[in-house]
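Notes for the one structure printed next.
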């Protein structure tokens, strides 16, 4: 008997047959017209096209209507009326209602949005129906319509109730130029006040604006000497005469007497 006689090599299923590999042809869904379609490329291509249209439209709106700028934020202004971006207006309006504000802020800011977005994320597992027509999925369709109506209504109410005239005044950028040739400005710069309050006394992240403060000369001298808020005492290292000149310069809104 010869060695190997009668044996045939069948092949190993773990080795991929690269020569006879079939192309990635989507399945035939003709038996289910209007029911389903291939994810690649049919469905995914449609999604890309819709996304591209919205992206181009969004970029056009961004270029045509730049974001409005307001004056530098002032942490000491307790009367400022904030307004979030448009996609948070519905939540901003929701927090105005009594039952989700005050002692119940956690309910309006965390619990309700958490349930809404959590249900949206779990929607594929909560609704496993095979129907694609909205009329045959009343629960899912009803909840989605309720969410859309609530979001649109709350956004509209927020825009309608906002005091736009007062907001325009409080956020207006006021051009303010100071006299940088005055003796008071020389003292202001030499004492490193610019580092916190800006070279035009406009304020910054470390210090507030120094014009239109409504403070008297003596009050300013007291603050410069003993500090207030984030400003520590002992920052001024000049003479009493220089302190007087600086205080008058600030009280006069950056203008020489």
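Throughout, read-outs are computed from the coordinates displayed, never taken from laboratory work. Keep in mind the model is a prediction, meaning the values are calculated, not measured. Backbone-built Cβ (ideal geometry, glycine too); neighbour counts: all protein chains shown.
Quick notes on this structure:
- Shape category assigned to the range 98-229 from the gyration tensor of Cα positions, a/c cut at 1.5: prolate
- Based on C-alpha pairs under 8 angstrom that are at least 6 apart in sequence, the range 199-257 has a relative contact order of 35 percent.
- Residues within the reach of a label modelled at residue 186 (point 7 angstrom out along Cα to beta-carbon, backbone nitrogen below 19 Å), restricted to the range 228-257, are 237-252, 254-257.
- Note on residue 107 and residue 200: their simple-model spin labels are 4.8 nm apart, each label 7 Å out from Cα toward Cβ.
- Order of 221, 130 under a 10 Å beta carbon neighbour criterion, fewest first: 130, 221
- One Cα centroid belongs to the range 177-199, the other to the range 63-140; the line between them spans 45 Å.
- Percent RCO, i.e. relative contact order, over the range 84-161, from Cα pairs under 8 Å lying at least 6 residues apart: 46
- Orientation-averaged projection of the range 84-161 equals 6.1 nm² [convex hull of Cα atoms, one quarter of hull surface area].
- Ranked 242, 131, 202, criterion: other C-beta atoms within 10 Å, fewest first: 131, 242, 202
- At an R0 of 25 angstrom, the distance between the Cβ atoms of residue 131 and residue 152 translates into a FRET efficiency of 0.45.
- Förster radius 25 Å - calculated FRET efficiency between residue 166 and residue 97, Cβ distance, rounded to 0.05: 0.70
- Listed from fewest to most Cβ neighbours within 10 Å, the set 231, 201, 49 follows the order 49, 231, 201.
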